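Derivation of every value follows stated rules applied to the coordinates shown; laboratory data play no part. Please read these numbers as outputs of a predicted model, since none were measured by experiment. Every residue, glycine as well, gets a Cβ built from its backbone with ideal geometry; the counts of neighbours run over all protein chains shown.
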Amino acid sequence: MGCLSRLALTLGVVMAVPLAGVSHAQAPGPFIGRQPGVIQLPDDFEDEAAQQAQRRRNAALPVPPGLLSPVEVAQGRLNGQDMALAWSSGGQTLGGSATAEHFVVCIRPAPGVPCTWPGQHTMTVASMTGEPYVFLSRVQPGIKVYRFALPAATARAALDRDMSIILGGCTGPSNDTCRFAAPKNVYWSTRNLTAPRIRSGIAMPPGDSARANVVVRASNGGESDTGQFVVRADFHDARLDPRNQTCLLDVNAPIVQPSDLVFFTDGTQTPVSSLPTDRSGRRIANAVAGIAPSGDAPLRFLNQRSVSPGLAAGASDRPAADFTLNFSWPRYPASPKRFIAVMTLDADNQIREYDEKDNVAAGCTREAFYRT
C-alpha cells in the first residue's frame with residue numbers, strides 16, 4: 001500500500017475513487033450534486049444544536065413566577081383594603097431550571113411594554129415569607145406562594161383602567177439573569193352597582209286604562225361615582241295570593257299551573273313543570289320572587305329601558321331609573337294587580353365593576369294596583 005493510501009486511512013478521510021467509465025457528475029450515492037470528500041451533516045443539525053444551546057441557557061434561568069391573584073381579566077377594588085398580588089414559585093421543573101433569588105414586578109397600562117430588570121418593584125426571595133401551595137387539596141412539594149401588597153402610589157395609578165401585570169424570576173440583580181412570565185391583563189374597579197329593587201305607584205285615568213309608575217332603586221358599593229348607565233326591566237303579570245293579595249310565592253298552591261313561570265330573586269326563571277319534587281311529589285323552590293300565569297295573553301312589558309344619570313360613591317338604595325307602564329284594565333270587577341319585575345343594572349355594560357354578578361334581581365311590586 002502506498003504512502004498516500006496509508007495516510008488516508010490513518011486520518012480517516014474518505015477518498016472518492018472514480019468508477020470506470022463514470023464521471024463524478026454521474027457517480028451514484030452521496031456525491032451527486034456535492035463535492036467529493038465533503039461530509040454532509042443532517043439538515044436539522046444546526047437547529048438541534050441551537051435548541052440544545054437554548055436549553056442550556058434556560059437551565060441557567062429560573063422558571064418565571066405564576067400569577068395567582070388577581071386572575072386574568074378579573075376585577076378588584078381598593079375600598080380601604082390593600083391591593084395585593086399573589087404568585088407561585090419553585091418546585092421541580094423539566095431540565096432542572098435554576099432557583100429564583102429575586103422577583104421583579106411590572107404593572108403598566110395594557111398593552112404594556114416588556115418588563116425588564118428592575119421593573120417597578122424588586123425584592124429578594126429571602127426577604128419574603130412563602131406559604132405552602134395547595135392544589136387539589138394537596139400541598140405541592142417545593143412550591144411556595146408569595147404575596148405582595150402594592151404601594152399606595154402604584155395602587156392609585158392602577159385603578160379603573162386596563163393594566164398589565166408581568167412577573168419575573170431572576171438568579172441575580174441583572175436583566176440577563178431573569179425570565180419573565182407572559183403579561184396578564186387585570187382591571188381594578190372602584191365602582192360596584194348592587195341590590196336593585198322596585199317601588200311602585202299607580203295612576204287611574206278615566207275609562208279602562210291604567211298607568212303604573214315603577215322606580216328601580218339601587219346602590220353603589222364602590223368609592224367612585226358610576227356615571228351614566230342603562231337599566232333594563234321586564235315586567236310580568238303576577239299570580240296573587242288569595243289570602244292577602246300579595247304576590248303568590250307558593251309553587252304548590254292549587255291555582256299554580258305546570259306551564260306557569262317561576263321567577264327567582266336572582267332574576268332567573270323556569271317553568272313550574274321543571275321544578276324538582278320531593279318524595280311526596282311536592283314541588284321544591286327557594287328564593288321565589290313571584291309566579292307568572294301562562295294563560296291567554298298574560299300582561300307583559302318586556303325590554304323596557306331607562307337611562308340612569310348614575311349613582312354617587314357609597315350611594316345606598318337610591319332611585320336609579322323609573323318606568324311608566326300603560327295598560328288596559330277593566331274597571332269592573334274590582335281586582336288588585338301586581339307585577340314581577342326582572343331588573344338589570346348597567347344592561348349595556350358601560351361600567352367596569354368590582355362584581356358584575358350582582359346586577360340582576362327580581363322582585364314583586366310592593367303596592368297592589370287597585371281598579372275600583
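Please give the charge dipole size of the stretch 241-317, origin at the Cα centre, charges +1 on K and R Cβ atoms and -1 on D and E Cβ atoms. Round to the nearest 20 debye.
100 debye
If you place +1 on the Cβ of every Lys and Arg, -1 on the Cβ of every Asp and Glu, and leave all else neutral, what size is the dipole of the stretch 82-231 about its Cα centre, to the nearest 20 Debye?
Values: 13 positive and 9 negative charges, 72 e Å.
Computed about the Cα centre, the dipole is about 340 debye.
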